[in-house]
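First up is the structure itself, then whatever we jot down about it.
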Amino acid sequence: MTDISEESIRSEVKGWLEENWDADLSLVEWRNKLAESGWGNPTWPKDWFGRALPSKLASAVQDEISQFGAIGTADSGVRMLAAATLLEHATNFQKNKFIRGIVTGKDTWCQLFSEPGSGSDLAGVTTRADLKGDNWIINGQKVWTTSAHHAQYGLLLARTDWDVPKHQGMSFFVLDLLQPGVEVHPLRQMNGHASFNEVFLADAIIPKDMLVGKLGGGWQVAMTTLSHERRLADGMRGIWGSAAKKAKGRIFEELAAEVKVALEPYKWYPQRAGRVDIMIKRAEETGAINDQVVRQEVAKALTIHQASQWTALRARQAQKLGRPPGPEGSLGKLAASNVARAAAQVHTLISGADSMLKGEDGPMNGIIAEILLSVPAGSIAGGTDEIQRNIISERVLGLPKEPRTDTTGPFKDVPRNIVS
Amino acid sequence: MKHSFTDEHEQFREFVRKFMGANSDTTEVRRLMETDIGYDTDVWNNLSESLGLPGVHIPEEYGGQGFGPVELCIALEEMGRSLYCAPYFGSSVLATTAILNAGSTHDKEKLLPDLAAGKRIAALALAESRGQWDAAGIEMIATKTNGAYTLNGEKSFVLDGHSADFIVVVARQADSSGEDGITFFTVEGDAQGLDRRLLNTIDETRKLSVLRFNNVEATPLGTVGSGAQALQKTLVLSYVALANEMMGGAQKLLESALEYAQMRVQFGRAIGSFQSMKHKLADLLLDVELAKTTAYYAAESAEECAKDMTAVASMAKAYASDTYMKVAIACIQIHGGIGFTWENDTHLYFKRAKSSEVFLGGPALHREQLLQNWDK
């Protein structure tokens with residue numbers, strides 16, 4: 001087993017790109033070529049559009065594609081999560097059916113996990129899958145589903161056995177969204193946006209061969225998806241090659257459209273984070289910076305913001321140096337939540353009565369209103385502050401786990417929402 | 001070193017921690033608290049000889065170890081963790097830094113070697129009865145008569161002023177105000193006309209004194225009348241040093257609270273298994289880690305003389321002030337009734353937290369300093 005050098009990999013990719021890059025192809029056509037070469041996802045198995053390279057070299061490959069001005073694999077949205085999940089748990093039949101469509105960007109995917117009755121309690125899914133002949137019949141509802149409104153396929157977690165304990169009765173499927181039993185509705189948020197969907201499943205049909213992993217082993221498959229979600233959380237960054245950004249031509253227009261669609265649900269996320277970046281500028285522009293109270297609150301928000309940034313750098317540096325992970329790496333989400341709330345309060349102080357206004361009547365053409373109305377999402381989405389505190393106290397501080405009453409005994413006996 | 005400590009730093013920390021563990025457990029702290037002098041001279045000599053800590057940031061040419069702010073802050077963090085009772089902050093941080101910044105080469109050659117070796121102990125007399133640690137707050141006037149200077153007035157909150165061998169005093173020339181006319185002086189501890197009285201403080205591990213000057217002869221330190229900049233530089237490093245010392249104590253309290261929560265059983269289970277406790281401790285961990293990061297970053301900036309050094313020094317001091325108190329209050333709370341007793345060690349740290357909160361200026365003042373110096 002020879003050790004491949006980064007240098008040789010880089011020159012190999014470059015050579016291949018020189019031979020094969022063609023900006024006159026359509027996006028899907030180019031990505032088909034890229035997929036077949038294995039350079040699109042070089043860490044994947046050779047049988048499945050990869051080159052089995054170590055992850056260290058993968059970033060070198062991506063860098064070469066970027067620098068060349070070419071376009072990489074389709075990795076926006078849920079695509080890479082779907083691919084990672086299927087590569088680990090799917091049958092060859094399923095991989096043959098879906099992987100190419102993922103990496104070429106031909107198909108759009110969504111993740112059907114959360115339900116109105118199971119948010120933090122993800123394992124409490126009550127969407128049911130009942131086997132009737134050669135098909136699974138699906139009934140239930142999913143919520144907070146990004147891109148369901150234009151997705152072809154979904155990663156579905158549903159309950160197949162109600163008589164066994166909670167975590168043992170779920171199964172994982174690929175759902176074809178384009179069928180009568182699937183209805184997608186946008187979910188309107190308090191900030192006016194509708195970035196996510198509700199998905200209503202009424203006798204939706206899934207053929208037997210679309211079960212992913214073992215029957216009753218759905219939780220393990222879902223864990224794979226979630227572990228990659230955590231890893232790829234910053235995935236929105238690497239969508240464009242820096243050179244590709246400036247290029248002209250049909251293929252780049254197609255890419256721009258794809259990126260626009262992928263990023264559309266998140267356009268209010270900077271406001272969700274509190275916009276600490278404009279705090280001081282706003283205070284200066286409005287003269288609020290001369291108010292003693294405003295100055296103190298600005299300084300407080302600035303402090304926890306900077307401290308969070310530097311703490312993330314501390315964690316990253318420790319990782320780079322190969323040091324054992326300290327607590328500093330698990331605190332980011334909780335810290336960000338506190339920063340956002342502090343910043344929202346500062347913006348309120350600065351804007352005064354104008355905090356009541358939105359849209360064109362509101363300060364900064366509605367940006368301030370969007371901050372005030374988006375910040376509450378940060379402490380909830382992607383793992384609530386309360387769950388974060390549980391995780392920190394248990395995994396970092398070693399305190400006892402919560403006593404559970406829902407994990408043994410048949411799931412059908414586990415209490416659900418109490419309606420008087 | 002960006003955003004991390006080197007292996008050498010960690011080794012250094014180990015040495016200091018071991019020394020503190022062997023020489024400054026809370027039994028020792030309680031013993032020394034009861035004394036007027038407040039420290040053990042044998043331990044101080046040992047600290048000086050074996051680790052050279054009083055001179056850690058004094059350049060080698062003046063007999064010091066030749067290290068910088070980062071090493072100084074590591075030592076202080078470990079001292080804060082153990083509530084080490086000694087004139088280290090007053091002498092090795094405040095007075096030494098003042099001499100380094102204000103003194104002429106001759107002054108430094110004369111004064112620093114003994115300080116570095118731990119043979120002499122100094123104190124910095126800066127704040128007066130109003131408790132302001134800046135040039136504007138100085139009212140004490142240095143009168144020049146026939147080429148010699150005399151000091152009249154009162155200095156307060158002087159750390160180890162009552163026991164120091166000599167005092168570094170900051171006064172102003174007659175008819176000056178604000179940053180003008182600021183001058184550093186040295187005065188022997190037993191000088192004629194100098195009356196030193198120990199103050200009654202809630203933190204008995206930190207001996208503060210009030211010094212009354214009645215025509216006390218004083219020797220100028222550095223250039224007469226232009227000490228404002230040296231004062232500012234001294235204060236900025238002292239803020240960073242104090243922030244790091246405070247975070248050592250805060251971290252220790254967090255560990256103590258966690259340990260208790262894991263041990264104490266009520267209602268058939270460890271109180272640390274109750275979610276209110278878990279969440280409280282998780283929030284404390286977050287606060288402590290963020291404030292520690294800020295203190296470390298401030299030490300780095302001081303070491304590199306970075307552009308953000310002044311702003312970040314105050315950021316760190318303010319944040320440490322709030323965090324140390326937050327953890328102290330929470331630690332008492334988590335201990336329940338016994339947390340409020342004299343016998344439990346938490347109050348020792350609580351009192352250090354309370355005292356440090358306002359020493360060298362409180363959090364609001366430092367937040368103001370932060371904003372004034374941000375993005376400069």
Quiz item: Could we say that B:Ala320 is within 14 Å of chain A (Cβ to nearest Cβ) and farther than 29 Å from A:Ile280 by Cα here?
Solution: no
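How many residues, within the range A:133-173, are in a strand (DSSP E or B) and over 18 Å from the mean Cα position of the chain (by Cα)?
We begin by selecting, within the range A:133-173, every residue in a strand (DSSP E or B); these are A:135-145, A:153-159, A:170-173.
With over 18 Å from the mean Cα position of the chain (by Cα) added as a condition, the list becomes A:135-141, A:158-159, A:170-173.
Selection size over the range A:133-173: 13.
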Quiz prompt | Test for A:Gly322: is it of a type in the set (Gly, Ala, Ser), more than 26 Å from A:His228 (Cα to Cα) and in the same structural domain as A:Ile280 (by TED's automatic domain parsing) | solution = no
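With respect to A:Glu297, is the statement that it is in a helix (DSSP H, G or I) and modelled with pLDDT under 95 true?
For A:Glu297, the condition - in a helix (DSSP H, G or I) and modelled with pLDDT under 95 - is not met.
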Quiz item: B:Asn146 is checked against (1) farther than 30 Å from B:Met33 by Cβ; (2) modelled with pLDDT of 95 or more; (3) of a type in the set (S, T, N, Q) and fails just one. What number does that condition carry?
Solution: (2)
Quiz prompt | Any helices (runs of 4 or more DSSP H) falling wholly within the range A:321-410 and containing at least 1 residues that are in contact (Cβ under 8 Å) with a residue 40 or more places away in the chain and away from chain B (no Cβ under 14 Å) | solution = A:332-351, A:367-378
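Quick grid of which residues meet (1) polar (S, T, N, Q); (2) over 23 Å from the mean Cα position of the chain (by Cα):
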residue: A:Gln62; (1), (2): yes, no
residue: A:Ser66; (1), (2): yes, no
residue: A:Ser76; (1), (2): yes, no
residue: A:Ala82; (1), (2): no, no
residue: A:Leu87; (1), (2): no, no
residue: A:Thr91; (1), (2): yes, yes
residue: A:Arg100; (1), (2): no, no
residue: A:Thr126; (1), (2): yes, no
Practice problem: Give the range A:297-320 a look and list any residue that's at the interface with chain B (Cβ under 7 Å from one of its Cβ atoms) and surrounded by fewer than 18 Cβ atoms within 10 Å (Cβ to Cβ), or say none. | Solution: A:Leu313, A:Gln317
Self-check item: Filtered residue count, the range A:1-40, keeping only those that are in a loop (DSSP other than H, G, I, E, B), within 27 Å of the chain's Cα centre (by Cα) and on the phi < 0 side of the Ramachandran plot
Solution: 3
Quiz item: Which number in (1) more than 30 Å from B:Ala136 (Cα to Cα); (2) among the hydrophobic types (A, V, I, L, M, F, W, C); (3) within 13 Å of chain A (Cβ to nearest Cβ) marks the one condition that B:Leu371 misses?
Solution: (1)
Quiz item: Do you know which of the residues in the range B:284-305 that are facing another protein chain (nearest Cβ under 7 Å) and over 21 Å from the mean Cα position of the chain (by Cα) is surrounded by the most Cβ atoms within 10 Å (Cβ to Cβ)?
Solution: B:Leu286
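Restricting attention to helices (runs of 4 or more DSSP H) lying wholly within the range B:281-376, give those where 1 or more residues are of a type in the set (Phe, Trp, Tyr) and farther than 24 Å from B:Ser4 by Cβ.
B:346-358
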Quiz item: Considering the range B:133-151 alone, what residues qualify as being free of Cβ contacts under 8 Å to residues at least 60 places away in the same chain and not β-branched (Val, Ile, Thr)?
Solution: B:Ala136, B:Gly137, B:Glu139, B:Lys144, B:Asn146, B:Gly147
Quiz item: Of the residues A:Ser351, A:Ser374, which is at pLDDT 95 or above and touching a Phe, Trp or Tyr at 6+ places or on another chain (Cβ under 6 Å)?
Solution: A:Ser374
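Answer yes if at least one residue in the range A:269-291 is part of a helix (DSSP H, G or I), in contact with a Phe, Trp or Tyr (Cβ under 8 Å, 6 or more places away or on another chain) and at pLDDT 95 or above, and no otherwise.
So the first thing to find is which residues in the range A:269-291 are part of a helix (DSSP H, G or I), and the list is A:269-272, A:276-286, A:288-290.
Now restrict to residues that are in contact with a Phe, Trp or Tyr (Cβ under 8 Å, 6 or more places away or on another chain): A:280.
Imposing the further condition that a residue be at pLDDT 95 or above reduces the set to A:280.
So far as the range A:269-291 goes, yes, one or more of its residues are part of a helix (DSSP H, G or I), in contact with a Phe, Trp or Tyr (Cβ under 8 Å, 6 or more places away or on another chain) and at pLDDT 95 or above.
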Quiz item: Can you name the residue in the range B:338-368 that is within 16 Å of the chain's Cα centre (by Cα) and of a type in the set (D, E, K, R) and is also nearest to the other protein chains (Cβ to nearest Cβ) among such residues?
Solution: B:Glu357
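The values are calculated or read from the model by the stated rules, or taken from the named source; none is laboratory data. Note that this is a predicted model, so its numbers are computed, not measured. Every residue, glycine as well, gets a Cβ built from its backbone with ideal geometry; the counts of neighbours run over all protein chains shown.
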